[in-house]
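Some notes on the structure that comes next.
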Amino acid sequence: MKIFKVFLSFVFLLIITTTSLGKDEKNEISYEIKSLIEKVKTAPPEEKYKYMNQLKIIIRNLHAEDRKKIMKQIVKELKGNRKEKIHKKEIIKHKIKRKEKFQKFNERNMNKDRLRAIKRKIREKRMERRNH
């Protein structure tokens, strides 16, 4: 979370400087940015700052309008990644709870089956005693 806050504050400072790029350069940069975002998502915490710094350098050289668009995209993707992880954790918790409930249900049914078998044996014994 600290890295994200530092990143946003640094990006805010970068918005002050502006330069324009050609269309070919924009396509190359957008590819670079996407690849760096993926690296940030997958990198271990001790290496994330390297990729964030590379992102900052690229963003610093963009035109103001492009910078705003890319910043929105970056924030959306990085926050979206966090939301996806939270969602996956919730799904896993739900599956575990469901499995536990199913196991309890099976145990209850097994206990009922055992009770039925015991009652059946008792009835059979009583019937045998009556018949003798």
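The table for this structure:
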quantity	calculated
Residue within segment 99-106 that is assigned to a helix (DSSP H, G or I), closer than 30 Å to Ala43 by Cβ and out of contact with any helix residue (DSSP H, G or I) (no Cβ under 6 Å at 6 or more places or on another chain) present	no
Residue check for Lys97: surrounded by 10 or more Cβ atoms within 10 Å (Cβ to Cβ) and within 24 Å of Lys39 (Cα to Cα)	no
Boolean, Lys48 is of a type outside the set (Gly, Ala, Ser), under 30 Å from the mean Cα position of the chain (by Cα), modelled with pLDDT under 80 and under 19 Å from Phe7 (Cα atoms)	no
For Lys68: the one exception among (1) touching a helix residue (DSSP H, G or I) at 6+ places or on another chain (Cβ under 9 Å); (2) in contact (Cβ under 8 Å) with a residue 24 or more places away in the chain	(1)
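The values are calculated or read from the model by the stated rules, or taken from the named source; none is laboratory data. Quick caveat, the model's predicted, so the values are computed rather than measured. For neighbour counting, all protein chains shown are included, and Cβ atoms are generated from backbone atoms with ideal geometry for every residue, glycine included.
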